[in-house]
Amino acid sequence: MANEKKVITFPKGLPGFEEEKSFILSEEEGIPLAQLDSERNKEIGFVLLRPQLFFSEYLPGVDLTPDEIELMEIGPDDQVDVWAIMTLCLKDMSLSTVNLRAPLIINSRTNKGIQIILGDESFSYRQQIFSGMENHPGAEGAREGAIG
Amino acid sequence: MLVLSRKVNERILIGDDIEIIIVAAAGDNVRIGIKAPKDVKILRSEVYEEVQKQNMEAVSVIKFDDETVSAKLKEMLNGQIDKNKK
């Protein structure tokens, strides 16, 4: 099912899973979806989505701190990949959400990654993907004019 | 841990370029202003806890090996991508 597999190192782990430093990223072909599984604990895995295809105004650039740049060994010509962790709702898939507040940033050259937390509070931890699209993340005035 | 008492409008300096000011205090609510270089990460601690919680929730429901779930998800995502193109 999954195609290309890469081992990604998260030197700090992920919030809640700080001890898991090594994950296998399996990217699906033809769809901006991937699976991220802990290498040592098979019970720990995430479904990832490339958010930019769904939220066009999302994160045109990433502001990384010097620490983060060092951690991922980002060089001047490096490109980073942005992924967001999905929370699937199995009972009703249309209620599945994606965490836009805390995206995963991966340096595709060094295969090192980090989950950053954006300072911008208009990005949601639980952004709906399939409904509520009118509330675009980043558009703070989205609800202006709504009555009730 | 260093504990300091401050009044409203009084400041604390940390190192050469971080300044903290007590903007207002009312009951158990304190408003704090922070001046720091852009590369210093400042987060309310609940924010990290919220991400921990969300990550744990995201992992607990994963059934991606289940072909029916992943097929359904892909179908819905493709539908959404098509919709966004229009």
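The values are calculated or read from the model by the stated rules, or taken from the named source; none is laboratory data. Nothing here was measured: the structure is a model prediction, and the numbers come from that model. Note that we place each Cβ from the backbone using ideal geometry, even for glycine, and neighbour counts take in every protein chain shown.
Please pick out the residue among A:PRO76, A:PRO66 that is loosely packed, with under 14 Cβ neighbours inside 10 Å, more than 8 Å from chain B (Cβ to nearest Cβ) and not acidic (Asp, Glu).
Numbers: A:PRO66 fails: more than 8 Å from chain B (Cβ to nearest Cβ).
Only one candidate passes the filter, namely A:PRO76.
Quick check on this structure: which one of A:THR65, A:THR9 is more than 16 Å from the chain's Cα centre (by Cα) and hydroxyl-bearing (Ser, Thr, Tyr)?
On the way: A:THR9 fails: more than 16 Å from the chain's Cα centre (by Cα).
None of the others qualify; the one that does is A:THR65.
Which condition does A:ILE85 not pass, out of (1) within 11 Å of another protein chain (Cβ to nearest Cβ); (2) assigned to a loop (DSSP other than H, G, I, E, B); (3) modelled with pLDDT of 95 or more, if it passes all the others?
For A:ILE85, the failing item is (2).
Being free of Cβ contacts under 8 Å to residues at least 60 places away in the same chain and at the interface with another protein chain (Cβ under 9 Å from one of its Cβ atoms) is the filter; apply it to the range A:46-63 and report the residue that is nearest to B:GLN54 (Cα to Cα).
Among those that are free of Cβ contacts under 8 Å to residues at least 60 places away in the same chain and at the interface with another protein chain (Cβ under 9 Å from one of its Cβ atoms), it is A:PHE46.
Conditions tested, residue by residue: (1) in a loop (DSSP other than H, G, I, E, B); (2) under 30 Å from B:LYS72 (Cα atoms).
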{"position": "A:SER26", "(1), (2)": "no, yes"}
{"position": "A:GLU29", "(1), (2)": "yes, yes"}
{"position": "A:ASP37", "(1), (2)": "no, yes"}
{"position": "A:ASN41", "(1), (2)": "yes, yes"}
{"position": "A:LEU48", "(1), (2)": "no, yes"}
{"position": "A:GLN52", "(1), (2)": "no, yes"}
{"position": "A:GLU57", "(1), (2)": "yes, yes"}
{"position": "A:GLU68", "(1), (2)": "no, no"}
{"position": "A:ASP77", "(1), (2)": "yes, no"}
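Go through the range A:79-113 and count every residue that is among the charged types (D, E, K, R) and either in contact (Cβ under 8 Å) with a residue 24 or more places away in the chain or surrounded by 19 or more Cβ atoms within 10 Å (Cβ to Cβ) (or both). Even if it seems obvious, please write down each step before you answer.
Of the range A:79-113, the ones among the charged types (D, E, K, R) are A:81, A:91-92, A:101, A:109, A:112.
From what's left, either in contact (Cβ under 8 Å) with a residue 24 or more places away in the chain or surrounded by 19 or more Cβ atoms within 10 Å (Cβ to Cβ) (or both): A:81, A:101, A:109, A:112.
So the count comes out to 4.
Tell me which residues, restricted to the range A:98-112, are of a type outside the set (Lys, Arg) and at the interface with chain B (Cβ under 9 Å from one of its Cβ atoms).
Pass one, the range A:98-112, residues of a type outside the set (Lys, Arg): A:98-100, A:102-108, A:110-111.
Scanning the range A:98-112 gives A:ASN99, A:ALA102.
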